[in-house]
Structures are given as structure tokens and as C-alpha cells.
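Peer 1: Shown below is the structure under consideration.
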Amino acid sequence: MRCAVRSQAHGCQVRAWQSGNRQLIDNGGLVKYFAGLICFCVSAPAFTQAIASFRGDAQHSGIYRQIGAPLLHGIKWKFKTGAAVISTPALLDGTAYFGSNDHYLYAVNLADGTQRWKFKANGRITSSPAVSRGRVYFGSYDGNIYAVDAKNGVQSWKFATEGEHRFTAKHLHGAEPAAESMPDPFDFYLSSPTVVEDTVYIGSGDGNVYALDAASGALRWKFRTGNVVHASPAVADDTVYIGSWDGFFYALNAKSGRQRWRFKTGEDHVTSNQVGIQSSAVVADGIVYFGCRDSNLYALDAATGERRWAFSNKGSWVISTPIVADGTLYFATSDTGLFHAVDAKTGTVKYSLSFHHWPMFSSPAIAGTTLYIGSHAGTLIAIDLGKHATAWTFSTDGANRNAAAYTKENGDPDYGDVYGDFFYDDMVSGVLKMLSVGAVLSSPVVEQDVIYFGSTDGNMYAIS
């Protein structure tokens with residue numbers, strides 16, 4: 001299989017590397033960070049928080065002009081929900097908004113982690129919300145796209161799609177019985193909305209990309225692809241960029257929904273393992289970048305769709321949304337557990353880091369010279385971009401409880417007993433076991449010196 005889930009065998013909650021020397025910093029550490037020591041130039045403009053959404057802006061830049069946490073003290077607070085938190089938080093006006101698999105959207109105070117309100121949908125919320133003009137927008141597995149009041153959680157409107165479902169194929173990932181249609185247990189995310197001016201753009205498992213009036217929820221247009229759309233739309237220069245599980249990446253006119261161009265990725269008619277676009281795109285410097293389950297990271301001309309370059313990951317998916325800073329593109333892989341830094345214009349490798357074959361579906365964020373990314377290991381990893389090395393690693397509660405049972409002595413995931421006979425039911429059971437280590441599928445968000453992210457252990461974490 002070209003995807004999986006990782007765990008963390010180490011018992012300590014926080015580990016840090018300072019000045020090239022590894023040393024432990026416990027939760028009560030008093031290490032200070034002096035922001036004036038850091039200067040970092042980025043090629044994509046950093047966003048403000050006037051609109052909060054997945055990766056912070058309509059282009060999915062993921063660049064934060066914030067202090068961040070190049071040195072880690074520990075947990076500021078954690079908020080427990082009733083199920084896994086796969087949704088990425090949106091931060092605005094002192095509040096974190098995020099969904100949970102317990103069917104609730106939460107609004108939590110950034111200062112102390114106390115609940116302000118919660119809104120009940122009729123399905124899991126793995127969509128990452130967007131906040132704009134006093135409303136919070138998100139999708140749910142109940143097939144609806146919601147808008148609720150940001151101050152009190154009262155529903156403003158909801159729009160019914162043609163119905164949510166996961167990507168489904170026969171003999172999926174080689175599982176038996178081969179003739180049975182199987183929903184993909186690694187299709188974790190729903191599309192997250194992007195709000196531009198007065199329009200909400202979002203994909204759906206019904207195969208459509210929707211443009212809705214932000215005030216009323218009225219349909220402005222919809223564009224039908226050939227399969228599930230769970231990637232999140234990036235919008236730049238009046239164009240919506242989004243991929244589908246039909247293997248095509250689309251550029252659509254943001255006003256009309258008409259197709260401007262489309263780009264075909266790889267096919268897999270045997271096990272449907274190496275097909276489909278689960279990654280959301282980032283747009284920077286006239287190029288749109290996205291990962292694909294055909295194991296490539298693609299760079300396309302944003303105006304024409306012409307391929308500039310493609311980086312082969314030799315069978316390993318790219319689910320994480322890439323990020324561009326100072327001429328370098330950073331992205332992570334699934335079961336090979338690699339973090340790559342490549343030249344943004346050519347795709348030439350600058351350096352790579354290995355994380356013991358633990359997948360990374362989480363999308364990275366950058367603040368200062370530090371990049372933050374979640375791992376299926378139940379960890380949040382901070383990478384020093386200047387030193388090309390891990391700065392620190394934080395382990396979730398789930399990792400501290402359960403990681404040792406699913407980790408080999410060499411630090412690799414121990415899938416042997418987890419998946420057993422590769423019957424479809426065993427695959428689903430194995431995925432759930434591996435998620436019990438508190439996998440970080442949510443993407444980190446940076447506000448001042450605090451990093452916010454969710455975990456499959458049910459917590460939303462604030463660490464600094």
C-alpha cells in the first residue's frame with residue numbers, strides 16, 4: 001500500500017534541538033525566543049487574518065508573519081472533543097474554529113482554550129472552516145455546506161449537495177474481495193471552503209465544485225468533474241484551481257465556473273492505488289503546485305496548465321499541500337515518510353529529511369525560519385529551514401499512550417500485525433488502530449508564538 005499511519009515510540013512529550021545539540025526541554029521550560037534574531041524572506045505574500053481559512057488565504061500560501069515556536073516550551077492548552085479532530089483550525093478575533101468527527105463545529109477561546117460555543121451538524125466535520133464577514137463556512141459528511149454566525153454559532157444557512165461519499169473502487173489498494181466496490185479508508189478529508197469577496201468555493205464528494213453566495217448560500221454555479229472532489233480550491237487571478245479523483249486537475253473561471261484548462265495525471269485501473277488528486281494546490285509566482293496519488297508532485301503554469309516539471313516519489317502518494325518560500329518548494333510524502341526541499345522553478349532537490357516511513361498528510365506552515373508539519377506518528381514536527389534539520393518534535397496524548405505497540409525498534413511503523421490478511425475489513429481495522437496513536441492529520445496554524453493543530457486522539461492542541 002502507498003499510504004499508512006505512523007506512531008511515536010518515545011515517552012517524552014517534548015523534545016528539542018538547540019544549537020546543534022540535542023537536549024530535553026520539559027513542559028515547564030523557560031527558554032525565551034527573541035524574534036529580532038530571525039529574518040526570513042518569502043516568495044509568497046504573507047496573509048493577514050481578515051479572512052481565516054485553510055492555509056490562511058485563497059492561494060493556500062501557508063506563510064505566517066508570526067513569531068512561531070523555534071524553541072518549544074510545551075502545552076499552552078488542549079481542548080478535548082468527542083472524536084478525532086482532522087479539521088484544521090481557522091483563527092480569527094481571538095477564536096479558533098474547527099470541526100470534529102463527533103459532528104460538532106467548535107469555537108474555542110485562543111487565550112485559554114475554553115469553549116465559546118458549538119454547533120451540531122448531522123455528520124462528521126473533517127472540512128476545515130473558513131471565517132469571513134462574521135460567518136463560519138464548512139462542509140459535513142451529512143452532505144450539507146453550512147454557514148453559521150461566528151459570534152454565537154447560530155445557523156445562517158445550509159446548502160444541500162447531491163450527497164457526500166468517499167472515493168470508491170474495486171480491488172482498492174489490492175484488497176479482497178477484488179470484485180467488491182470499496183470506499184477508501186484513507187480518504188480522510190472533505191473539501192474546505194475558500195471565500196473570495198462574496199463567494200464561497202468548495203468541492204464535494206458528489207463530484208461537483210460549487211460556488212455559493214456567501215450571504216445567502218444561493219448557488220452561483222457548479223462544475224461537474226468525473227469523481228469525488230475532496231481537495232480544497234485555491235483561488236488566484238479570478239481562477240479556481242482544484243483536483244478531482246477522476247485524475248484531472250482543473251482551472252475554472254471564478255465568475256462563471258467555465259473550464260479554462262485541465263491537466264491529466266496518472267491512471268491505475270488495477271487497484272486504484274496510484275490515481276486521484278487528494279492534495280490541495282498552492283499558487284505562487286504564476287505556478288500552481290499540487291501532489292497526486294500517482295506519486296508525483298506537479299508544477300503547472302497557472303495561466304495555461306502546461307507542465308513545468310514533475311517530481312516522482314516512486315510510488316509514494318503526496319497528499320499534503322506543498323508550500324513555497326524564498327524560491328524553495330517544500331512538501332512531504334505518505335508511506336516513504338520523506339520531507340523534500342526542491343527548487344520551486346525546476347524541481348531540483350536541495351535536501352531531504354527522512355521520518356522513518358511515517359506518512360505525512362498534514363500540510364506544512366512556515367513562521368520565521370521554522371516549518372511545522374503533522375505526522376501520522378502522533379507528532380508535530382518543527383524543521384529548522386536554515387539548518388535543514390529537525391528542531392523539535394511534540395508527541396500527542398495518543399502517541400504517548402499507544403505508539404509503542406505499533407512501532408518497530410528502528411522507529412518504523414510496525415504494520416505486520418496491524419493489517420494481517422489483506423481483506424478489506426482488515427485494512428479498515430488496521431487504519432483505525434494506527435490512528436489510535438493520535439495522528440496529526442490536521443494542519444498547523446501559527447498565531448504569535450503558539451501553534452494550533454488537531455489530532456485523532458480528539459484533542460485540539462495549542463503549544464508554544
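Peer 1: Looking only at segment 413-464, count how many residues are in contact with a helix residue (DSSP H, G or I) (Cβ under 7 Å, 6 or more places away or on another chain), among the small types (G, A, S), more than 17 Å from S363 (Cβ to Cβ) and open to solvent by less than 10 Å² (accessible area, probe 1.4 Å).
Peer 2: 2
Peer 1: Keeping to segment 285-296, report how many residues are aliphatic (A, V, I, L, M) and surrounded by fewer than 24 Cβ atoms within 10 Å (Cβ to Cβ).
Peer 2: The number of residues fulfilling the criteria is 1.
Peer 1: Does V136 qualify as being without any contact (Cβ under 8 Å) to a residue 60 or more places away in the chain, in a strand (DSSP E or B) and within 24 Å of A234 (Cβ to Cβ)?
Peer 2: yes
Peer 1: Is segment 325-332 home to any residue that is surrounded by 23 or more Cβ atoms within 10 Å (Cβ to Cβ), at pLDDT 95 or above and either hydroxyl-bearing (S, T, Y) or over 30 Å from S272 (Cα atoms) (or both)?
Peer 2: So far as segment 325-332 goes, yes, one or more of its residues are surrounded by 23 or more Cβ atoms within 10 Å (Cβ to Cβ), at pLDDT 95 or above and either hydroxyl-bearing (S, T, Y) or over 30 Å from S272 (Cα atoms) (or both).
Peer 1: In addition: Check segment 262-280 and report whether any residue there is free of Cβ contacts under 8 Å to residues at least 40 places away in the same chain and among the aliphatic types (A, V, I, L, M).
Peer 2: Looking through segment 262-280, at least one residue is free of Cβ contacts under 8 Å to residues at least 40 places away in the same chain and among the aliphatic types (A, V, I, L, M).
Peer 1: So, Y137, is that one open to solvent by 30 Å² or more (accessible area, probe 1.4 Å) and under 19 Å from the mean Cα position of the chain (by Cα) or not?
Peer 2: no
Peer 1: Any idea how many residues of segment 204-234 are open to solvent by less than 10 Å² (accessible area, probe 1.4 Å), in a strand (DSSP E or B) and over 17 Å from K158 (Cβ atoms)?
Peer 2: So the count comes out to 2.
Peer 1: Could you figure out which of (1) farther than 25 Å from G163 by Cβ; (2) open to solvent by 10 Å² or more (accessible area, probe 1.4 Å) isn't true of Y189?
Peer 2: It fails just one condition, (1).
Peer 1: Among the numbered criteria (1) under 19 Å from the mean Cα position of the chain (by Cα); (2) in a loop (DSSP other than H, G, I, E, B), which one does Y106 miss?
Peer 2: (2)
Peer 1: A follow-up question, please. Could you tell me whether segment 109-130 includes any residue that is in a strand (DSSP E or B) and either touching a helix residue (DSSP H, G or I) at 6+ places or on another chain (Cβ under 8 Å) or among the β-branched types (V, I, T) (or both)?
Peer 2: Looking for residues that are in a strand (DSSP E or B) and either touching a helix residue (DSSP H, G or I) at 6+ places or on another chain (Cβ under 8 Å) or among the β-branched types (V, I, T) (or both), one finds none in segment 109-130, hence no.
Peer 1: Within segment 144-178, how many residues are part of a loop (DSSP other than H, G, I, E, B) and under 22 Å from A231 (Cα atoms)?
Peer 2: 7
Peer 1: For segment 348-375, what are the residues that are of a type in the set (G, A, S) and either open to solvent by less than 10 Å² (accessible area, probe 1.4 Å) or touching a helix residue (DSSP H, G or I) at 6+ places or on another chain (Cβ under 6 Å) (or both)? Outline the logic, then answer.
Peer 2: Step one: list which residues in segment 348-375 are of a type in the set (G, A, S), which gives 352, 354, 362-363, 365, 367-368, 374-375.
Result: S362, S363, A365, A367, G374, S375.
Peer 1: Output the residues belonging to segment 157-180 that are farther than 18 Å from S429 by Cβ and open to solvent by less than 80 Å² (accessible area, probe 1.4 Å).
Peer 2: Within segment 157-180, the first condition is being farther than 18 Å from S429 by Cβ, and the residues that meet it are 157-165, 167-171, 178-179.
Across segment 157-180, the qualifying residues are W157, F159, A160, T161, G163, E164, F167, T168, A169, H171, A178.
Peer 1: Does segment 298-319 hold any residues that are polar (S, T, N, Q), without any contact (Cβ under 8 Å) to a residue 60 or more places away in the chain and either within 17 Å of V283 (Cβ to Cβ) or not in a strand (DSSP E or B) (or both), and which are they? Let's see the steps before the verdict.
Peer 2: Step one: list which residues in segment 298-319 are polar (S, T, N, Q), which gives 304, 312-313, 316.
When the remaining residues are screened for being without any contact (Cβ under 8 Å) to a residue 60 or more places away in the chain, the result is 304, 312-313.
Correct list: T304, N313.
Peer 1: Give me the residue from segment 251-279 that is small (G, A, S) and open to solvent by 10 Å² or more (accessible area, probe 1.4 Å) and, out of that set, farthest from T348 (Cα to Cα).
Peer 2: Applying the filter and picking the extreme gives S256.
Peer 1: Can V196 be described as within 27 Å of G62 (Cα to Cα), open to solvent by 10 Å² or more (accessible area, probe 1.4 Å) and among the aliphatic types (A, V, I, L, M)?
Peer 2: yes
Peer 1: Name the strands (runs of 3 or more DSSP E) wholly inside segment 328-445 in which the number of residues that are in contact with a Pro (Cβ under 8 Å, 6 or more places away or on another chain) is 1 or more.
Peer 2: Where strands (runs of 3 or more DSSP E) fall fully within segment 328-445 and carry at least 1 residues being in contact with a Pro (Cβ under 8 Å, 6 or more places away or on another chain), they are 328-332, 365-367, 370-375, 379-384, 389-395.
The values are calculated or read from the model by the stated rules, or taken from the named source; none is laboratory data. Note that the structure is predicted; figures quoted are calculated from it, not measured. Note that each Cβ is placed from the backbone with ideal geometry, even for glycine, and that neighbours are counted across all protein chains shown. The protein model used for the area step is the full one, side chains on, heavy atoms only, and it has no ligands, DNA or RNA in it. Shrake-Rupley method; radii C 1.70, N 1.55, O 1.52, S 1.80 Å.
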